[in-house]
Amino acid sequence: MRMSVMVLWTGMPNGHRIVRSLRAAGFHVVAAHPEGAAAGRGWGHVRPLRYPAALRDPDAFVEWVVRTCDERRIDAVLPVDEDISRVMAFRRAALGNVRVVGPTAAQYDALANKGRLASVTDALGLPTPVTVEVGDLAADRSGWPAVPCMVKPRTSGSEIEAPQRVDTEDARDALVARLVASGHGAVLQELIEGQRWVVQSVRGPGVFEYVVHRVDLEWPRGCGLATLKRPFLAPQGAVDVARALLDAVDYHGPSGISVIERDGHFYAHDVNLRLGATTGASIAAGFDFPRRAVEAALELPGAPFGGRLRHGAEHMRLDKEVEAIADAVAHRRPRAALACLRRIARVGLNPAGMLDPSPLNVFFAGHLAARLVRRRTRTADAVAETSTDAPAPAAEPVVPRTA
């Protein structure tokens, strides 16, 4: 009998690619997406199962997973969303016999907790930026890294503010205050500028397969999500950092580890113990990332990735670049908007390129429109809370990337 895998979260851009990859590999795939979310549909899973939102009602979510796995005889669950990965990591006991392709609580806390990650890299003798965790606004500030610096939430999540570069003490203090008030806590980190690399890998018993991607562009520029990647055979230093971290916690499954290179030293910037939003980058490079993740975590036989990269492969997060265009238009920066359009056209015309999500996907337009509306609403709310005299964003740089 075919093994049955339930994919939890099937939205754009990675959900539909993961479902398609696993089905092509011969798995019976059950697609599922949160209740009330318009996204989550794709060819082959037009009507995904709907589960209670993991953050709003984690108990109901866990009960739904256990019941659904029993009723549908699911062999393994693959969490794709960060919030779901975290909830399932810390509620393994309540999940009973459900097999999860993801981290345990200890593994998640060691690597995905941004405050703990610096402690782990330091203990392993890896390059580590000055890092301070703040849970109380009255804390002593003498050890805080000087501005400019990075401010991050202690944990990642879809409903938590993204890491940001701050250039003034006022901006730093305001962001720290919001994160502390939200209950998530803040992590202040020394600014590391240099070339960013992402190691997407699969680790299991006797298995360590990976692709290294060079990040050429991010959104927001300089400190955001990777939007343009190219696969590389090097540098080995980035691979060594990723492997050391995964070996340290004996993690089995997929991961995406972001590393920044400065003066020949490689600093771990961020760790995702799941199939991330740019899973398509490894697929475009010739590495069937979702298939090998499930096979390695469940100790199933499967053809290993030989490390041969597809010539000329490059991956672009089209939805994020569209956001960049919208931002450039809103701030009357036509050259920046035109530069985005040229890059999109170049990747789209590249036979080995991947625009992700594909502009030919009929479900993409509605998904993108919803994202832009949410983004515009958040921006309007933020503007209403700040002075109308705030300076406009700077012209978009491609580099440097920062941690």
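Any chance you could count how many residues in segment 99-116 are modelled with pLDDT of 95 or more and in contact with a strand residue (DSSP E or B) (Cβ under 6 Å, 6 or more places away or on another chain)?
Within segment 99-116, residues that are modelled with pLDDT of 95 or more and in contact with a strand residue (DSSP E or B) (Cβ under 6 Å, 6 or more places away or on another chain) number 5.
Need pairs with beta-carbon distance below 7 Å; first residue under 11 Å from Thr121 (Cα atoms) and within segment 234-248, second open to solvent by less than 50 Å² (accessible area, probe 1.4 Å) and part of a helix (DSSP H, G or I); sequence gap 6+ or separate chains.
Leu245/Leu111; Leu245/Val120; Ala248/Val120
Check whether at least one residue in segment 301-313 is surrounded by fewer than 24 Cβ atoms within 10 Å (Cβ to Cβ), assigned to a loop (DSSP other than H, G, I, E, B) and aromatic (Phe, Trp, Tyr), and report yes or no.
Scanning segment 301-313, I find at least one residue that is surrounded by fewer than 24 Cβ atoms within 10 Å (Cβ to Cβ), assigned to a loop (DSSP other than H, G, I, E, B) and aromatic (Phe, Trp, Tyr), so the answer is yes.
Determine if segment 273-280 includes at least one residue that is in contact with a Leu (Cβ under 9 Å, 6 or more places away or on another chain), part of a strand (DSSP E or B) and over 21 Å from Phe27 (Cβ atoms).
No.
Could you run through segment 105-150 and say how many residues are hydrophobic (A, V, I, L, M, F, W, C) and either open to solvent by 40 Å² or more (accessible area, probe 1.4 Å) or in a loop (DSSP other than H, G, I, E, B) (or both)?
Here the count works out to 12.
Given (1) out of contact with any Ser or Thr (no Cβ under 7 Å at 6 or more places or on another chain); (2) assigned to a strand (DSSP E or B), where does Arg165 come up short, assuming only one miss?
Failed condition: (1).
Take the residues of segment 53-64 that are within 23 Å of the chain's Cα centre (by Cα) and over 19 Å from Met12 (Cα atoms): which is most open to solvent (accessible area, probe 1.4 Å)?
Arg56
Of the numbered conditions (1) surrounded by fewer than 18 Cβ atoms within 10 Å (Cβ to Cβ); (2) touching a helix residue (DSSP H, G or I) at 6+ places or on another chain (Cβ under 9 Å); (3) part of a loop (DSSP other than H, G, I, E, B), Arg47 fails exactly one; give the number of that condition.
Just one mismatch for Arg47, condition (2).
When the residues of segment 176-193 are narrowed to those that are assigned to a strand (DSSP E or B) and either open to solvent by less than 20 Å² (accessible area, probe 1.4 Å) or of a type in the set (Lys, Arg) (or both), which ends up farthest from Gly135 (Cα to Cα)?
Among residues in segment 176-193 that are assigned to a strand (DSSP E or B) and either open to solvent by less than 20 Å² (accessible area, probe 1.4 Å) or of a type in the set (Lys, Arg) (or both), the one farthest from Gly135 (Cα to Cα) is Gln189.
Out of all the residues in segment 200-252, which are over 23 Å from Pro103 (Cβ atoms), touching a Leu at 6+ places or on another chain (Cβ under 9 Å) and among the aliphatic types (A, V, I, L, M)?
Residues satisfying the conditions are Val215, Leu217, Leu228, Leu233.
Residue-by-condition table, conditions (1) crowded, with 19+ Cβ neighbours inside 10 Å; (2) not charged (D, E, K, R):
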| residue | (1), (2) |
| --- | --- |
| Ala285 | yes, yes |
| Phe289 | yes, yes |
| Glu295 | yes, no |
| Ala352 | no, yes |
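The values are calculated or read from the model by the stated rules, or taken from the named source; none is laboratory data. Note that the structure is a prediction, hence the values are computed from the model and not measured. Every residue, glycine among them, receives a Cβ derived from its backbone with ideal geometry; neighbour counts consider all protein chains shown. Surface accessibility is based on the protein's heavy atoms, side chains included, excluding ligands, DNA and RNA. Shrake-Rupley method; radii C 1.70, N 1.55, O 1.52, S 1.80 Å.
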